[in-house]
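Down below is the structure, laid out as structure tokens.
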Amino acid sequence: MELGIDSFAAVRTADGRSSTPDERAQAIEELLSRIEIADEIGLDTFGIGEHHRPEYLDSASHILLAAAAARTKNIQLLSAVTVLSAADPVRVFQQLATVDLISKGRAGVVVGRGSFSEAFPLFGYGFENYDALFEEKLELFLKIRDEEHVTWEGQFRPALTGQGIYPRPYREKLQVWLGVGGTPTSFVRAGLLGLPLMIAIIGGETHRFKPLVDLYHRAGAEAGHSKDQLPVGVHSLGYVAETTEKAHAEFYPGYARTFTRIGMERGGGPVTPAGYQAQTGPTGALVVGSPEEVADKIKRHSEALGGLVRFQLHMNVAELSHAHLTNSTQLLGEKVKPKLA
């Protein structure tokens, strides 16, 4: 199983105030240094998301990936996710192909619709076209991946009439995964297209996604794809520290503030200690604890879903310091990864 980290390039500020230019620059430098560490200690992947909110610095995630490509040697660098619905597939392909050239074949893209809504009005798209936008843009993106000269016509973008799309990536084909939440049609789409599946599990119980994984494999089989062509990965929230007690003490306060704020934005309630404990229990989605506990839970996630080829741990949703995230990155590579071999 490949093991890696996902990040939203969060910037920490005191008391919720706006970040300063120096704080933003420092946060990006610290992120890049953690990617270098992840590369040096042998983690397999590092993914950077895409958001358009003041607390995150990943709105131009492909530029961050390019900077990381120039500072690393082995680690795979992923967009996690690229909000394809609100982007131009031509530009997305060109940017990721450039990252692939800089890294000599280490770039990948997880395409999805994102978990926040800001990108749609920002780039002039309406939610009434939520599904149609993604379907059309994914179709075009895959066509660009497969063909150098593209002839295509759609509803939301000017037609292509045989233009060449450049640069081409270092490898013959850019690595493309489909990022999904809990919508059955998304799992079916991934199966029919024969795309690797990355499931974002940010709450609930992991085993409840098994019927959706089965649906993905059935759809893929009906489309003529063998099971080994349909790998499954998971993006999950969590944190690693030397002991379980230390991990919870460091992770919970910031996690509770972050998800209470998001919950209030979406009409939900606050995070409670009881709710957190349920999420960090044996079947809960949060992967928080000592290296031994985290490794065991990743294995349980894999068993619950019928086998994973990739696990991405997302740690910087809890207002953790650079020192905390660096220590957790090192523990993940030095203590957790060997236990998954």
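Just so you know, all these numbers are worked out from the coordinates, no wet-lab data involved. Worth saying up front: this structure is predicted, and the values here are computed from it rather than measured. Methodologically, a virtual Cβ is constructed for each residue, glycine included, from the backbone with ideal geometry; neighbour enumeration extends over all protein chains shown.
Name the GluC sites (Glu not before Pro) in segment 128-180 that are in a loop by DSSP and that have at most 11 other C-beta atoms within 10 Å, would you?
Numbers: sites: Glu128, Glu135, Glu136, Glu139, Glu147, Glu148, Glu153, Glu172; in loops: Glu147, Glu148, Glu153, Glu172.
Here the GluC sites (Glu not before Pro) that fit, given the DSSP loop and packing criteria, are Glu148, Glu153, Glu172.
Would you please give the FRET efficiency between His207 and Thr161, computed as 1/(1 + (r/R0)^6) with r the Cβ-Cβ distance and R0 = 41 Å, to the nearest 0.05?
According to the calculation, E is roughly 0.25.
Enter the angle in degrees (range 0 to 90, nearest 10) between the Cα long axis of helix 89-103 and the first principal axis of the Cα atoms of the chain, meaning the one along which they spread out most.
Taking Cα atoms only, the helix is inclined about 60 degrees.
Return the percentage of antiparallel bridges among DSSP beta bridges fully within segment 2-340, rounded to the nearest 5 %. Numbers along the way, then the final one.
On the way: 6 of 45 bridges.
The antiparallel proportion sits near 15 percent.
Please determine, in degrees from 0 to 90 and to the nearest 10, the orientation of helix 184-193 with respect to the longest principal axis defined by the Cα atoms of the chain, where the helix direction is its Cα long axis.
Approximately 50 degrees, to the nearest ten.
Excluding same-chain residues fewer than 8 positions from Lys297, which lysines have a Cα within less than 26 Å of its Cα?
The reachable lysines, counting only those whose Cα sits under 26 Å from Lys297, are Lys210, Lys227, Lys246, Lys335, Lys337, Lys339.
Go through segment 1-64 and name the trypsin sites (Lys or Arg not before Pro) that are in a DSSP coil and have 14 or fewer other Cβ atoms within 10 Å of their Cβ. Display every interim value, and only then the final one.
Working: sites: Arg12, Arg17, Arg24, Arg34; in loops: Arg12, Arg17.
Of the trypsin sites (Lys or Arg not before Pro), the ones in loops of segment 1-64 whose Cβ has at most 14 other Cβ atoms within 10 Å are Arg17.
So which trypsin sites (Lys or Arg not before Pro) in segment 100-162 end up in coil per DSSP with only 13 or fewer other C-beta atoms within 10 Å? Walk me through the intermediate numbers first.
Details: sites: Lys104, Arg106, Arg113, Lys137, Lys143, Arg145; in loops: Lys104, Arg106, Arg113.
In loop regions of segment 100-162 (DSSP not H, G, I, E or B), the sparsely surrounded trypsin sites (Lys or Arg not before Pro) are Lys104.
With label points built 7 Å along Cα→Cβ from the Cα atoms of Lys173 and Asn129, find their separation and express it in nm.
According to this spin-label approximation, the distance is 2.8 nm.
Where both residues lie in segment 166-288, what percent of DSSP beta bridges are antiparallel, nearest 5? Can you show the working numbers first?
Numbers: 1 of 11 bridges.
In segment 166-288, DSSP labels about 10 percent of beta bridges as antiparallel.
If amide H atoms are built 1.01 Å from N in the plane of the peptide, which residues on other chains or at least 5 residues away come under 5 Å of the amide H of Ile5?
HN-HN under 5 Å from Ile5: Thr45, Phe46, Gly47, Leu313.
Any idea what angle helix 210-222 forms with the longest principal axis of the chain, computed on alpha-carbon atoms, 0 to 90 degrees, nearest 10?
Approximately 20 degrees, to the nearest ten.
How far apart, in nm, are two points set 7 Å out from the Cα along the Cα-to-Cβ line at Asp296 and at Glu242?
2.1 nm
Rounded, prolate or oblate for segment 61-171? Axes are the square roots of the Cα gyration tensor eigenvalues, ordered a ≥ b ≥ c, and the cut-off for rounded is a/c under 1.5. Please report the intermediate quantities before stating the final value.
Details: a/c = 2.57, a/b = 1.32, b/c = 1.94.
It is oblate, given that a/c is not under 1.5 and a/b is not larger than b/c.
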